[in-house]
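The values are calculated or read from the model by the stated rules, or taken from the named source; none is laboratory data. As the structure is a prediction and not an experimental result, all values here were calculated from the model. Because the Cβ atoms are built from the backbone with ideal geometry, glycine has one as well, and the counts that use them run over all protein chains shown. Ligands, DNA and RNA are stripped out before the accessible areas are found, and what is left, the full protein with its side chains, is counted by its heavy atoms. Shrake-Rupley method; radii C 1.70, N 1.55, O 1.52, S 1.80 Å.
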Amino acid sequence: MDLAQHYTANEVESKWFKKWLENKYFHSEPNDKKPYTIVIPPPNVTGILHMGHVLNNTLQDILIRRARMQGYNACWVPGTDHASIATEARIVAKLRDEGIDKHSLTREEFMKYAWEWKEKHGGIILEQLKKLGASCDWDRTTFTMDENYYKSVIHVFVDLYNKGLIYRSHRMVNWDPQALTALSDEEVIYKKTNSKLYYVKYYLTDNSGYVVIATTRPETILADTAVAVNPNDDRYKHLIGKKVFVPLVKREISIIADEYVDPEFGTGCLKVTPAHDLNDYEIGKKHNLEIIDIFTPDAHLNEKAKFLVGQDRLEARKNIINLLDQEGNIEKIEDYENNVAYSERTDVPIEPRLSLQWFLKVKELSQPALQVVLDGKIKFYPDKVINTYIHWMENIKDWCISRQLWWGHRIPVWYLPNGDFVVAHDDDEAFALAQAKNPNTQKNDLKQDEDVLDTWFSSWLWPIAVFNGIIEPDNKDINYYYPTNDLVTAPEILFFWVARMIMAGLEYRKQVPFYNVYFTGIVRDKSGRKMSKSLGNSPDPIDLINKYGADGVRMGMLFASPLGNDLLFDESLCEQGRNFSNKIWNALRLVKMWQIDNSKTPTTINNQSIIWFREQLNASIIEINKNFAEYRISDALKTIYKTIWDYFCSWYLELIKPPYGQAIDSFTYYKTIDFFKTLMQLLHPFMPFITEEIWHLLDNNENENDTIMFTNWPVVDNYDENIIDEINFIFELISTIRSLKTQYNLSNNDLEIYYNNSEFKDIIDKYSELIKKMTQIQSITNKVPQMNTAETLVRTLTISIPIPETNLEEEKEKIIKELEYYKGFLNNVNKKLENENFVNKAPASVIENEKKKQQDALKKIESLEELLKKYNN
């Protein structure tokens, strides 16, 4: 067969992905097979592929491709999320660049721009995933604002409202002053920040002195409505009930007693600002305090502040210090490190803000969702994530589900002129409900709520809604594909998404949405820094794919991706992946170069090699399947890599390779083709393109419409460990002889090797031809040599190789060093076994392993001491 000298990844990958799509190999419809389902964590419709996506989707593709080969009807549903905050920010920025202010547009005009932008730019990431080789059912691609999905979200809001779980309330919320919207607690991240702690004097109105209050936010002093102290704090008991002046504004406020105040923090006095701090808001409710909101929605000071009106809060913070200092209100300023709340989306400090919002009561929904994880009905990998899940679910708060945006699912609430409202699926139903309340209501009297729902309120329905299971709860797709099998996601969205999908699944299907959740680590650079555009340390995956091939990039990501741990990415790993492709390609070229002689019978070496590789391959298959069962995907890859590179290419092919110009027997050749095919099947989920190409070339392209992806996944029950141990010993012996020949520059082929331990005679005799072929020696004999030799150990076997006399002292020194090493090793093992604490606490298997090390070391020391005696004589 005329094969190219070099593997051309981009050409092969483009060819096969096109063919896979044309033949609809990824498409699934319900049938009589057992289903295996994955739903993609939908990336933002605005997104482009980054390294985190590469890792996550490679893992999903591995699982789905293996499931196909296991005979499941595999369905991987792709799609994108409308991502309200991120997408609206992009659209607003684009309009601003064109000289258009969002607020100059009607909602309908803005949405027209938004949909145009989505159609032009949305979904780029899905095309990029195809380049990675993602075998999604692309016919099922879903967008969270598709018509049926939109209806599903609205239906769930109406249903939960009718169940009494959704309500509207004035509450203190997390406000994003850049996105101009409320956020849920889970959309807030805390960052350690180097701040200042300002000690401010509040003068008593009776001129008897002042109290000092420490604050990190002096700009909010202008909104203070009380000073609080702990009722048990003897320093301030006499002041309770007195009044102080608010600095600058000179408003009189009371000193109140509340046990919330920590006497140990700052001065033990707390300024109470109900409009701008959640805890202060709760104190304010308890004591019926006035609420003064001094911020505009974009966090500038308004007229109620009376000072610094129009200034941004951070600018006002600097400027108010000068004013306070001029008035004699500053006692001191200290450096202070504190946790500041930031918006997860826009990365600006959030502002606690009293606002009228919609909330979902989740306590009732959370209890069953916690129980299914505790009961093991849903398994987390790694299981350490369970503790975080338990903590969140046991401390869950009502979910703020409204967002002050236009892009998204509009809240299905219509307001009547009298302030009353109705909740409905559409405006016709709203009108009917409104007329039931007031028959005189006209349709144009109704005004729909301007806000949209939190993006997560739509994506929590993802495993159900992609199969239209909310609108048509008994359709064939939802009944067949749900519950899904595996979810691959990031631990950062454990509560945002995973926990909420479990709640929604149990509420609307009475079943868990998936059985297993695999949590990836964070992709970091080789220095351990999180990859980000701002640091400039995140490569473009498409550039990497163009350079190393999709298979190479997939391998590179998985090489460094242990279960649940962060991944230290280095581009050299992708190069290693490409080199692996070249190694396999060269192995194919070697095998396809051989001439076949049907009249030849297999040599002893070939028979032994076939028997050994069959058992080694079986051992690898068992190990790989065990790794998959434990979701140790990276370990499975490493086993496949070692099996192909070391066992197959470096040993097996070298063992059976016919002498130059000679043919190979047909039995060995076709056995080798079978082995090669099995290896490609094991590798296919990881490197789908090169395995498909080689699968066809192994069959000489006889069946072009065939595909490796539906062949049977290899499964075996056992292997012969004795054969593997025998050959491993022989390989160690071969490697040692090769090393000695190199060390002493012994290139002659008539070399005789000697050994002194008859215990190994049978095994060496059995594989003598194989040893001679692989070491290029004349013989290996069980007798004492009658000349100068270098002696070394292979396990406990002493082998001797004839060397010039000048090398004897060098050999003696080598043995002394090795002896010292093993004595030190034995000493460490003995210390462990003499340690009662270790022996009492360590598992029995660990103790046994240490005892085996002890015995092996003793044997090694004994053999080395015997060797040394010979040199001393």
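Amide H of A226: which non-local residues (sequence gap of 5 or more, or other chain) have their own amide H closer than 5 Å, using H built in the peptide plane? Placed amide hydrogens put V272 under 5 Å from A226.
Backbone phi angles across the range 370-384, fed through the Karplus curve with coefficients 6.51, -1.76 and 1.60 (θ = phi - 60°), yield HN-Hα couplings of 6, 5, 5, 6, 4, 7, x, 6, 10, 10, 9, 10, x, 6, 4 Hz in residue order; Gly and Pro are listed as x. Given R₀ = 60 Å, FRET efficiency for H170-Q576 by Cβ-Cβ distance, to 0.05? Efficiency computed from Cβ-Cβ geometry: 0.55. Ranking T668, T711 from most to least accessible surface, computed with a 1.4 Å probe over the protein chains only, gives T711, T668. Applying 0.36 nm per residue to the separation of E11 and T604 and subtracting their alpha-carbon distance, the gain on full extension is 209.3 nm.
Give me the extension gain from E759 to Q778: residue separation times 0.36 nm, minus the current Cα-Cα distance, reported in nm with one decimal.
Working: separation 19, 0.36 × 19 = 6.84 nm, distance 2.17 nm.
Extra length from E759 to Q778 when fully extended: 4.7 nm.
Leaving out ligands, DNA and RNA, and with a 1.4 Å probe, what % of the accessible surface on the chain is carbon or sulfur? Could the numbers behind the result be given before it?
Numbers: 18550 of 39640 Å².
The computed percentage sits at 47.
The reciprocal of the average 1/r between distinct C-alpha atoms defines the Kirkwood hydrodynamic radius, which for the chain equals 33.2 Å. For the range 798-869, trypsin sites (Lys or Arg not before Pro) are listed when DSSP marks them as loop and at most 14 other Cβ atoms sit within 10 Å of their Cβ; the list is empty. Between the range 697-733 and the range 73-122, the alpha-carbon centres lie 51 Å apart. Taken about its Cα centre, the range 624-720 carries a charge dipole of roughly 360 debye when the Cβ of each Lys and Arg holds +1 and the Cβ of each Asp and Glu holds -1. Beta bridges assigned by DSSP with both partners in the chain are antiparallel in approximately 70 percent of cases.
A full extension of the chain between F265 and R235 corresponds to an added length of 9.4 nm, given 0.36 nm per residue minus the alpha carbon distance. Per-residue ellipticity at 222 nm computed for the chain from its helices equals -13500 deg cm²/dmol, with DSSP H segments shorter than 4 residues left out and the rest contributing -39,500 (n - 2.57). Protein heavy-atom accessible surface, 1.4 Å probe, per residue over the range 824-873: 71 Å². Within the assembled protein chains, the solvent-accessible surface assigned to F380 is about 10 Å², based on a 1.4 Å probe. If you take the charge dipole of the chain about its Cα centre, with +1 on Lys and Arg Cβ and -1 on Asp and Glu Cβ, which of F457, L105, I734 is farthest toward its positive end? So the residue furthest toward the plus end is I734. Backbone N atoms of the range 126-156 closer than 18 Å to the 7 Å Cα→Cβ label point of A432 belong to residues 151-152, 154-156. Averaging the sequence gap over all C-alpha pairs within less than 8 Å and six or more residues apart, then dividing by the number of residues, gives the range 30-132 a relative contact order of 41 percent. At R0 = 25 Å, how high is the FRET efficiency between A629 and A844 if r is their beta carbon distance? Nearest 0.05 is fine. Efficiency, rounded to the nearest 0.05: 0.55. Evaluating 6.51 cos²θ - 1.76 cosθ + 1.60 at θ = phi - 60° for every residue in the range 834-848, the Karplus couplings come out as 8, 7, 4, 4, 5, 5, 6, 9, 6, x, 4, 5, 5, 4, 4 Hz, glycine and proline recorded as x.
In debye, nearest 20, what is the charge dipole magnitude of the chain about its Cα centre with +1 on Lys and Arg Cβ and -1 on Asp and Glu Cβ, if you could check? Could the numbers behind the result be given before it?
On the way: 103 positive and 126 negative charges, 107 e Å.
Once rounded to the nearest 20, the dipole reads 520 debye.
Rounded to the nearest whole Hz, the Karplus-based 3J(HN,Hα) values (6.51 cos²θ - 1.76 cosθ + 1.60, θ = phi - 60°) of the range 759-776 follow the sequence 4, 9, 4, 4, 5, 5, 4, 4, 10, 4, 5, 5, 4, 4, 5, 7, 10, 6, with x at glycine and proline. Only the Cβ atoms of Lys and Arg (+1) and of Asp and Glu (-1) were treated as charged; on that basis the dipole of the range 126-178 about its Cα centre amounts to roughly 240 debye. Averaged per residue, the range 188-264 has 46 square angstrom of accessible surface, using a 1.4 angstrom probe with ligands and nucleic acids left out. A 1.4 Å probe, protein heavy atoms only, puts the accessible area of L858 near 80 Å². Between the residues G122, A214, F245, the greatest Cα displacement towards the positive end of the dipole of the range 117-251, with unit charges on the Cβ of Lys, Arg, Asp and Glu, is found for F245.
Here the average projected area of the convex hull drawn through the C-alpha atoms of the range 1-40 stands at 5.4 nm². Think of a 1.4 Å ball rolled over the protein heavy atoms: the range 605-713 then has 35 Å² of accessible area per residue.
Take the Cα of K243, go 7 Å toward its beta carbon, and the backbone nitrogen atoms of the range 267-293 under 16 Å from that spot belong to 289-290.
Taking amide hydrogens as placed 1.01 Å from N in the peptide plane, the amide H of L751 sits under 5 Å from those of Q778, each at least 5 positions away in sequence or on another chain. Annotation note: trypsin sites (Lys or Arg not before Pro) in the range 206-303 located in DSSP loop regions with a Cβ neighbour count of at most 14 within 10 Å are R235, K250. Between the range 385-406 and the range 45-61, what is the C-alpha centre distance in whole Å? When both Cα centres are located, 25 Å separates them.
Could you tell me the relative contact order of the chain? Use alpha-carbon pairs under 8 Å, at least six residues apart, and round to a whole percent.
Values: 1427 pairs, mean separation 106.5, N = 873.
Averaging sequence separation for qualifying contacts and normalising by length gives 12 percent for the chain.
Residues whose amide H comes within less than 5 Å of that of A790, counting only those at least five positions distant or on another chain, are I801, I803 (H built at 1.01 Å from N in the peptide plane). Pairs exceeding 18 Å between alpha-carbon atoms, taken from K592/K638; K242/K332; K823/K852; K812/K869; K19/K130: K592/K638; K242/K332.
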